[in-house]
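Heads up, the thing below is written out as C-alpha cells.
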C-alpha cells in the first residue's frame, strides 16, 4: 500500500498521568486475595509502602512524566528505589505524579452515581488543593459536595454496602459503595477499578487537549484502550470507557469506542486511529487509556521477600492525539504496520519477525535504520525480584539477534545494538500502559529537536490468558520525523 | 512426565525449576513445601534440544537461543536439579 506523505497521520502530542495510590494496593488483585486468606498480610503490605515523596523521587516515575529521558537511567545508581532524585518535580514535561488524597477527590468528581463518599473534614482539606490544580475547574469542585460524616461512612462499611478508602494506611477518609446488591460486575471493587480507569484517562485527555493545541470541543473521536472492560452481569465487557472519559474531559463533539487486545490495545488503537484519520473519516482522534488498579501490588511478595518497598503503588494513564498531517508532528508510517496474523504462530520468533522485520522490509529499511525501539518497557526493578526477568532487555536482545541473523551486525555486537537501539525499562507494570507507549512523548520531543529520526513501537498481547485461544497477538508501527 | 521451561534468565529458571521439583523456594505459591519431584529441563539444554527436529528447533527457538544467556540458564538448571526437597 502506498501513501502520499501528506496523507500520513501524525501524532500531535502525548501526555501521561501517574497517581501514587499506596492505600489502594490492598485492592489490587493479588494483595486482596492474599489478605482474604491471611489478614496479617495487610500489615506486611502496609509496612512496605512508600511515601508520596519517595514515589516522586523514584527515577523511573520521573522518566514516565518526562522529568528524565529513559537513557538517563543508565547513570542513576541501582537500586533505583535506594537512590532518590534530588528536588523531584510533581509536574514533568509530559504529565504529573498526583498524590493519593487529591486522587480520591478526582474519583468523587468523576463519579456520576454517588458511589464515592468522602469524609467531610477530608473533603474540606482537599478542596483548596484541588482548586489550585491546573486541569480542574470550578464546576469540578462543585461535584466534591460537602462530604459525609465519619458515622455515615462507618455505617455503610459496617453493613457491607461499601468498601473503605484509607489515607496514610489507617485514616478512614471515604468509602466506595456497591453499585448493585447481587451483580459482581457492579461490586464496589470492580467499580473502583472502572472509575479509577475513567478519571485517569479523562485527566490525561484534559492535559493532552492543552498540550496538543486541539481543544476538547475539536476532538471528534476517542479510542479507549485501557484494560478495564466495564459492563453489568449480562454484558460484563460491553461498555464504553472512551466516551465516559471524553465526557469528563468536555469532548462534547466526540463519539468513541473501546479497543480490547490485552497489552497491545494501545498500539492497536494508535494504528487504527491513524487509519481512520488517513481515510478522512475523522480529523482529531484521542487515544486514551486509564489505569489497571487490579495490578497494584501484583508482585508484592517478591518485593517484601527482598525487603524492598512495594513498587507497584502507582496507577498510570496516557492520552495521545492522532490527527491530519500538520507538516510538523511525527508521522505514523501506515505503509509499515507490523501485524501478527492468525496463521503466524505464537513463538517469540514468529511474533518478532511479524512485528519488526516484515514491516521494515516493506519500506526498504534495515533493523539498524530505526533509531530506537520501544517495546515492553516494564521496569526491571519491579519484575526481577519475582523471577520475571528484565523484560525489555530480553526483547532488545531478540531484536539484536534478528539483526545478527540478517547479517546487519556481527554476533558479538548484540549488546551494543541492544544498548544503542533500546533503553532501560522504566514503566510501571500497568499491563497495557507498559507496552511501548511510555516512549511516545520522548520520541516526539527528540524528533522535534532533530536528535531522532525514527522509532518503532511494538506491543504484544497474551491472548491465551483469556482461555479461549492459545494465540498471542502483536502489532507495531514506525513513527518518523515529519519531512514535509 | 518431564517439565520443560522456556524462562528468559537464570533467576527465573532456577525459581521455576526448584518449584516443580523440590518445592517453591519463595514460599509464595501453592507449591511451597510441596516436593513434586518432577524432572525439570530448559528448552535450551542439550538433553532437550537433541530430541527435537533441528529445522523446527531453529525455526521456533533459534532466535531465543541467540538472544538469551544460555550458559547462565543451564548453570541455574544444574543448581536447581541439585537442590534437595524443601522441609515441610
If I take every Cα pair under 8 Å that is 6 or more residues apart in the range A:342-484, average their sequence separation and divide by the length, what percent do I get for the relative contact order?
28
Distance in Å, no decimals, from the C-alpha centre of the range A:194-215 to the one of the range A:355-429 is 30
Potential lengthening between residue A:406 and residue A:305 on full extension [0.36 nm per residue; Cα-Cα distance subtracted]
32.1 nm
Would you please state the base-10 log of I(q)/I(0) at q = 0.13, 0.14, 0.29 1/Å for the range A:329-376, with intensities from the Debye formula using one equal scatterer on every alpha carbon?
-0.32, -0.37, -1.23
Determine Rg/Rh for the range A:99-205; Rg is computed over alpha-carbon atoms and Rh is the Kirkwood hydrodynamic estimate from the same atoms.
0.95
Over all distinct alpha-carbon pairs, what is the Kirkwood Rh of the range A:123-262 in angstrom?
16.9
Helix A:120-131 against the longest principal axis of chain A: what's the angle in degrees, Cα atoms only, rounded to the nearest 10?
40
May I ask for the distance between the Cα centers of the range B:1-79 and the range A:455-484, given as a whole number of Å?
27
Estimate the FRET efficiency between residue A:71 and residue B:1 by the formula 1/(1 + (r/R0)^6), using the beta-carbon distance for r and 30 Å for R0, to the nearest 0.05.
0.05
How crowded by other chains is B:59-70, given as the mean number of beta carbons from other chains within 10 Å of each beta carbon?
6
Plugging the Cβ-Cβ distance of residue A:339 and residue A:131 into 1/(1 + (r/R0)^6) at R0 = 60 Å yields, to the nearest 0.05, a FRET efficiency of 0.80
What ranking do A:113, A:262, A:176 get, fewest neighbouring Cβ atoms within 10 angstrom at the top?
A:113, A:262, A:176
Contact order relative to length for chain A, counting C-alpha pairs under 8 Å separated by 6 or more residues, stands in percent at 20
Hey, what's the per residue convex hull volume over the C-alpha atoms of the protein assembly as shown, in cubic angstrom?
159
In the range A:163-299 the DSSP beta bridges are antiparallel at a rate, in percent to nearest 5, of 45
Separation of the residue A:4 and residue A:416 label points, Cα + 7 Å toward Cβ, nm
4.3
Just to confirm my numbers, what's the Cα centroid distance between the range A:219-285 and the range A:53-132 in Å?
25
Provide the percentage of antiparallel DSSP beta bridges, counting only those with both residues in chain A; round to the nearest 5.
70
Taking 0.36 nm per residue of sequence separation and subtracting the Cα-Cα distance, how much length would be gained by fully extending the chain between residue A:326 and residue A:85, in nm to one decimal?
83.0 nm
Tail fraction, Cα-Cα pairs, the range B:3-81, threshold 22 Å, whole percent
25
Sequence of A:104, B:41, A:58, B:16 once ranked by neighbouring C-beta atoms within 10 Å, starting from the fewest
B:41, B:16, A:104, A:58
Taking every pair of Cα atoms in the range A:331-480, average 1/r, invert it to obtain the Kirkwood radius, and report Rg/Rh to two decimals.
0.95
Any idea what the relative contact order of the range B:3-81 is, in percent, if you count C-alpha pairs under 8 Å spaced at least 6 apart?
39
Computed log₁₀ I(q)/I(0) - Debye formula, equal Cα scatterers, no solvent, the range A:1-73, q 0.16, 0.20, 0.25 Å⁻¹
-0.76, -0.92, -1.08
For residue A:161 and residue A:283 in the same chain, what is the full-extension length gain: residue separation times 0.36 nm, less their Cα-Cα distance, in nm?
39.4 nm
Semi-axes a, b, c in Å (a largest) for the range A:405-484, each sqrt of 5 times a Cα gyration tensor eigenvalue, come to 26, 20, 13
Please find, in a Gaussian network model of chain B (springs between Cα atoms separated by less than 10 Å), the residue of B:48, B:34, B:18 whose mean-square fluctuation is greatest.
B:48
Across the alpha-carbon set of the range A:190-284, Rg over Rh with Rh taken as the Kirkwood radius works out to 0.96
Residue A:150-residue A:210 FRET efficiency (beta carbon distance; Förster radius 35 Å; 0.05 resolution)
0.40
For the protein assembly as shown, what is the calculated [θ] at 222 nm in deg cm²/dmol (nearest 500), taking -39500 (n - 2.57) for each run of four or more DSSP H residues and dividing by its residue count?
-10500 deg cm²/dmol
Mind checking B:5-15 for the average number of partner chain beta-carbons within 10 Å of each residue's beta-carbon?
4
Both in Å, the radius of gyration and Dmax of the C-alpha trace of the range A:121-171 are 13.2, 39
Just for the range A:331-480, what percent of DSSP beta bridges are antiparallel, to the closest 5?
75
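Read-outs: derived from the displayed coordinates by stated rules, not from any lab. Please read all numbers here as calculations on a predicted model, not as lab measurements. No Cβ is skipped: glycine too gets one built from the backbone with ideal geometry, and neighbour counts run over all protein chains shown.
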